[in-house]
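Scroll down for the structure; my scribbles are underneath it.
The values are calculated or read from the model by the stated rules, or taken from the named source; none is laboratory data. A quick note: this is a predicted structure, and the numbers were derived from the prediction, not measured. Please note: Cβ atoms are built from the backbone with ideal geometry, for glycine as well, and neighbour counts cover all protein chains shown.
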Amino acid sequence: MVGANSSAPLFAIAGDGPLQDELAARVAAERLPVVLLGRRGDVADLLGAADVCVLPSRWEGSPFTAQEALRAGTPLVSTRAGGIPELVGEGADLVPVGDADALADALERVLTDPAHAAALVEAGLRQAEQWPDEAGAGRRVVAVYRELLGPPAAAPR
């Protein structure tokens, strides 16, 4: 819960999925401060405008949202799902999967403690600098293939 003297945050949810209609009905019925944005192509702009990015995943294969948030300089609050902890390091507030109270507490801290939010941004940007760019990722893939397959065989004569 945000402090008594401040307004409630507005939650904007980008994306869609099989529960979109159910979520829209709940938002309307409970008059929640939530805007469902649907599928978007301007994620970088949305993250740039956000005070915090929340990633409440139960499972993550490739957490692109986490990468985009850290690269955008947006504080990240996330669950410890999949490879997120290794990806973000100290660049996010991480909570156990399924622990809504811990997620809410971490979110409140980022929204009410500007120094903490700024520290997350700084740590996130440092973490993102360590990730390879597209060319670097390609080199890593080639190196793994070479390691697994061994040196190329000589062409038959």
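Can you go through Ser78, Ser62 and tell me which one is of a type in the set (Ser, Thr, Tyr) and touching a helix residue (DSSP H, G or I) at 6+ places or on another chain (Cβ under 7 Å)?
Ser78
Could you list, in sequence order, the residues of the range 58-76 that are in a loop (DSSP other than H, G, I, E, B), modelled with pLDDT under 95 and of a type in the set (S, T, N, Q)?
Within the range 58-76, Ser62 is the sole residue that qualifies.
Restricted to the range 76-132, and to residues that are among the β-branched types (Val, Ile, Thr) and either within 18 Å of Ser57 (Cα to Cα) or touching a Gly at 6+ places or on another chain (Cβ under 9 Å) (or both), which residue is surrounded by the fewest Cβ atoms within 10 Å (Cβ to Cβ)?
For the range 76-132, the residue satisfying everything is Thr112.
Okay, residues lined up against (1) in contact (Cβ under 8 Å) with a residue 12 or more places away in the chain; (2) of a type in the set (Asp, Glu); (3) on the phi < 0 side of the Ramachandran plot:
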| position | (1), (2), (3) |
| --- | --- |
| Leu19 | no, no, yes |
| Leu23 | yes, no, yes |
| Leu32 | yes, no, yes |
| Leu37 | yes, no, yes |
| Gly48 | yes, no, yes |
| Asp51 | yes, yes, yes |
| Glu60 | yes, yes, yes |
| Thr65 | yes, no, yes |
| Arg80 | yes, no, yes |
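Given Ala102, Ala106, Ala128, which one is in contact with a Lys or Arg (Cβ under 7 Å, 6 or more places away or on another chain) and not in a loop (DSSP other than H, G, I, E, B)?
Checking each option against the conditions leaves just Ala128.
Does Pro96 fit the bill of being over 20 Å from Ala12 (Cα atoms) and not assigned by TED's automatic domain parsing to the domain that holds Gly15?
Criteria met by Pro96.
For residues in the range 7-46 being among the small types (Gly, Ala, Ser) and under 21 Å from the mean Cα position of the chain (by Cα), which is farthest from Thr74 (Cα to Cα)?
Only one residue fits best here, namely Gly17.
From the list Ala153, Ala118, pick out the single residue that is over 16 Å from the mean Cα position of the chain (by Cα) and part of a loop (DSSP other than H, G, I, E, B).
Step by step, each of Ala153, Ala118 is checked, and only Ala153 is over 16 Å from the mean Cα position of the chain (by Cα) and part of a loop (DSSP other than H, G, I, E, B).
So in the range 64-82, with the set limited to residues that are among the β-branched types (Val, Ile, Thr) and touching a Pro at 6+ places or on another chain (Cβ under 9 Å), which one is nearest to Gln130 (Cα to Cα)?
Only one residue fits best here, namely Val77.
List the pairs whose first member sits in the range 131-157 and is in the same structural domain as Glu68 (by TED's automatic domain parsing), whose second member is part of a helix (DSSP H, G or I) and surrounded by 10 or more Cβ atoms within 10 Å (Cβ to Cβ), and whose Cβ atoms are under 8 Å apart, counting only residues at least 6 apart or on separate chains?
Trp131/Gln67; Pro132/Arg139; Pro132/Arg140
Just one of (1) among the hydrophobic types (A, V, I, L, M, F, W, C); (2) at pLDDT below 95; (3) farther than 22 Å from Leu111 by Cβ trips up Ala29, so point out which.
In the conditions (1) among the hydrophobic types (A, V, I, L, M, F, W, C); (2) at pLDDT below 95; (3) farther than 22 Å from Leu111 by Cβ, Ala29 misses (2) alone.
Can we say Val52 is at pLDDT below 95, within 23 Å of Leu125 (Cβ to Cβ) and in contact with a Ser or Thr (Cβ under 9 Å, 6 or more places away or on another chain)?
In short, no.
Out of all the residues in the range 121-150, which are more than 18 Å from Glu86 (Cβ to Cβ) and under 16 Å from the mean Cα position of the chain (by Cα)?
Hits for the range 121-150 are Val121, Glu122.
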